[in-house]
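The values are calculated or read from the model by the stated rules, or taken from the named source; none is laboratory data. All of these numbers come straight from a predicted model, not from anything done at the bench. As a convention, Cβ positions derive from the backbone with ideal geometry for all residues, glycine included, and neighbour counts pool all protein chains shown. Protein only, heavy atoms only, side chains kept; ligands, DNA and RNA dropped before computing areas. Shrake-Rupley method; radii C 1.70, N 1.55, O 1.52, S 1.80 Å.
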Amino acid sequence: MKDSIYMRRVLQLAKKGTGQVSPNPRVGALIERDGVVLSEGYHSRFGSPHAEVDALNRLNGKSAQGATLYVNLEPCTHFGKTPPCADSIIRTGLGHVVIGIQDPNPEVAGKGINKLRENGIHVTTGVLPELCTEINRAFIKYIQTGIPYVTLKVAQSLDGRIAAQSGKSKWITGEQSRRMVHRMRKEHDAVLVGVDTVIQDDPQLTSRTGKKTVSKRIILDSKLRIPEQARVLQTTDNEQTIIMTTAQADPQKADRLRQNGVTVWPVSPDESGRVDLKNALKELGKAQIASLFVEGGSKIFSAFIQQKLFDELIVFIAPIGFGSGLNAFDLPPISKPAEAFTFSSTLWKKVGHDMMFQGRV
């Protein structure tokens, strides 16, 4: 019981690093002795001390001798941006380490646990493993596959339209839903849209919650049709905007965009001449983008679903009907319900006047 209570607090601490630590995992830590919490810490940003070291640094002169450290992910044993956490733990004289789950990173993967035990520290593992896995689901997929965790986000009318017949889509959902979407953007490493969405809606693709804007803005544009005056190209951090295109792009336009600070990546096309999604995801993974928030449009949503390249689908459904307009999905027909794509878990939630569906595959 005590271990679960402290681990839940550790997970609360880990969430403080949301949107700041990727491609590292979100990790919290707590040091306790005889029912008294001596210190707490968390990984606050990429390159900063890891949670365990942060908690040790916050002891403020108090001894850790014989105390218990709680951490949601196995302490690392390798040198990265910071020294190995396992070594720091061993030097302090901690007597017990309670770990949520083993680190899936092959450079760690049990080595931290073994090192602690070899140095006389009692180690307990598997405390609230489902919750500890959940908080770092994007990191786990990325570290195991090298490609980002992909979330599709759809805002639609009750009759399944993401835009009216005129092509207009502002605004389908209510203010509370839109605020939630901005928080979701902040939680991901990058937002992705197709060029048709840029041409039609002219979005900025930024987050208006807190100081952090979206780290990267990804636009799929096989023929480089993006207007050079698009708002997404007029930011103060244009280098965070990446246009993924193909050999069909006008090289002179590509050069002008690069001179404006925008990153233009040539990617091999698929059979239809569009940017190949599998190759695009591999390239994004190489750029250390561990989580991707896909916001449209219909062709993009459908391509990710048809190719089974998404991990999560979030749909905000507004209590309005358009009668006609642009469908959220353009999928090939199926002959029987058993052939429909399904989810391993689902959630429905009321958000203001809207309903939110969340499904994971």
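If both residues of a DSSP beta bridge must be in the chain, then about 45% of such bridges are antiparallel.
If packing is taken as the average number of other Cβ atoms within 10 Å across a peptide's residues, how do 4-15, 222-233 rank, most packed first?
4-15, 222-233
With θ taken as phi - 60° and the Karplus curve 6.51 cos²θ - 1.76 cosθ + 1.60 applied, the whole-hertz 3J(HN,Hα) list for segment 229-240 is 9, 4, 4, 5, 9, 10, 8, 7, 10, 4, 5, 7 Hz, x standing for glycine and proline.
Distance from the alpha carbon centroid of segment 279-309 to that of segment 146-212 works out to 14 angstrom. The protection proxy used here, the mean number of other Cβ atoms lying within 10 Å of each residue, ranks peptides 124-136, 342-354, 48-60 as follows, highest first: 48-60, 124-136, 342-354. Taking each residue as 0.36 nm, the span from Ser268 to Arg256 lengthens on full extension beyond its C-alpha to C-alpha distance by 2.2 nm.
Taking R0 as 45 Å, what's the FRET efficiency between Glu339 and Ser63 from their Cβ-Cβ distance, rounded to 0.05?
0.10
Using just its DSSP H runs of length 4 or more, each adding -39500 (n - 2.57), the chain gives a mean residue ellipticity at 222 nm of -8000 deg cm²/dmol after division by all residues. Under 5 Å between amide hydrogens, built in the peptide plane, is the criterion, and for Leu38 it picks out Ile31, Glu32, Arg33 among residues at least 5 positions away or on other chains.
Peptides 23-36, 303-316 ranked from most to least packed by the mean count of surrounding Cβ atoms within 10 Å: 23-36, 303-316. Using the Karplus relation 6.51 cos²θ - 1.76 cosθ + 1.60 with θ = phi - 60°, the per-residue 3J(HN,Hα) values for segment 331-339 come to 9, x, x, 10, 8, 8, x, 4, 8 Hz, with x marking Gly and Pro. For Ala155, the residues whose modelled amide H falls within less than 5 Å of its own, excluding neighbours fewer than 5 places apart on the same chain, are Phe316. Projecting the Cα atoms of Leu277, Gln234, Ala340 onto the dipole axis of segment 223-361, where Lys and Arg carry +1 and Asp and Glu carry -1 at the beta carbon, places Ala340 farthest toward the positive end.
Size descriptors for segment 256-320 (Cα atoms only): Rg and Dmax, in that order, 14.4, 45 Å. Using the Karplus relation 6.51 cos²θ - 1.76 cosθ + 1.60 with θ = phi - 60°, the per-residue 3J(HN,Hα) values for segment 40-48 come to 9, x, 7, 7, 8, 6, 4, x, 8 Hz, with x marking Gly and Pro. Taking every protein chain into account, the accessible area of the chain amounts to 48 square angstrom per residue (probe 1.4 Å).
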